[in-house]
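S.K.: Pasting a structure here, questions to come.
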Amino acid sequence: MKIYEFKGFPNPARVRIALAEKGLLDKVEFVQVNVPGGEHKKPAFLKKNPSGAVPVLETEEGQHISESTAIIEYIDHLQGAPALTGKTAYDRAQIAMVQRKVEAGFLDAVADYFHHATDGLGPDIEKYQNSDWGKRRREVAIATLHWMDEQLKDHDFITGENFSSADITAQAGFLFAGFINLDIPESCPNVRSYADRLMARKSIQQAA
Ligand SMILES: N[C@@H](CCC(=O)N[C@@H](CS)C(=O)NCC(=O)O)C(=O)O
């Protein structure tokens, strides 16, 4: 199994954290794609993922899976414990629901702010920028952090008492926000301690 990635970037980090949580990091061959140099927009890579983004998983049979949530779903099914995407019907649906809210409202919103309202990856890669929309997405990210703060009032993790793929998405959001100096507001104390807790996990250190 191969993972095409650019080490240190937030979405590839999601996959590395999932692999570390499952104890599968050493089962994977990591292949570096030069994202800052635009290799992910070249035909050879676009054959693997027409969206032109990392990470991409290549199975032993040579099939390609893109989108971190889909890759984590695949990894989670390779081995039982710990379950990252839930076991029961309710758990699976609840984790999928919260994961999507954190992804769309926080991680993707931070990414949109970076790509649209800052220089992003530079003019050769950022072919279309809409600064107003980027700024609006920063507001969405902050609003989502306030929503997350409420969710974390009585729980250690974003879906409850157990670590899940939704927490991995939040971790990637914190990594991305950290790169671009987007601070977690003081008015989100539960998120601040949650971020510290997540960043202290062994898996994120193994994944680094
Ligand atoms: N929704 C995708 C996002 C993938 C993504 O945006 N990856 C970034 C790296 S963190 C990338 O390849 N960016 C290159 C670009 O935007 O040109 C996922 O979940 O994997």
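The values are calculated or read from the model by the stated rules, or taken from the named source; none is laboratory data. A quick note: this is a predicted structure, and the numbers were derived from the prediction, not measured. Cβ sites come from the backbone with ideal geometry, for glycine too, and all protein chains shown count toward neighbours. Please note that ligands, DNA and RNA were not included when accessible areas were found on the heavy atoms of the full protein model with its side chains. Shrake-Rupley method; radii C 1.70, N 1.55, O 1.52, S 1.80 Å.
To keep it simple, each residue is scored yes or no on (1) in contact with a helix residue (DSSP H, G or I) (Cβ under 7 Å, 6 or more places away or on another chain); (2) outside the structural domain of residue 101 (by TED's automatic domain parsing); (3) in a helix (DSSP H, G or I).
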position: 162; (1), (2), (3): no, no, no
position: 169; (1), (2), (3): yes, no, yes
position: 176; (1), (2), (3): yes, no, yes
position: 183; (1), (2), (3): no, no, no
position: 186; (1), (2), (3): no, no, no
position: 191; (1), (2), (3): yes, no, yes
position: 196; (1), (2), (3): no, no, yes
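S.K.: Does segment 37-48 include one or more residues that are under 20 Å from residue 106 (Cβ atoms) and surrounded by fewer than 17 Cβ atoms within 10 Å (Cβ to Cβ)?
M.R.: Looking for residues that are under 20 Å from residue 106 (Cβ atoms) and surrounded by fewer than 17 Cβ atoms within 10 Å (Cβ to Cβ), one finds none in segment 37-48, hence no.
S.K.: Contact list please: Cβ distance under 7 Å, first residue in segment 113-133 and of a type in the set (D, E, K, R), second residue open to solvent by less than 50 Å² (accessible area, probe 1.4 Å), pairs at least six apart or on different chains.
M.R.: 124/38; 126/120
S.K.: Also, quick follow-up: Confirm whether residue 105 is open to solvent by less than 40 Å² (accessible area, probe 1.4 Å), within 30 Å of residue 148 (Cα to Cα) and not in a helix (DSSP H, G or I).
M.R.: In short, no.
S.K.: For segment 132-175, what are the residues that are open to solvent by less than 20 Å² (accessible area, probe 1.4 Å), closer than 16 Å to residue 112 by Cβ and of a type outside the set (Val, Ile, Thr)?
M.R.: Matches in segment 132-175: 134, 141, 145, 172, 173.
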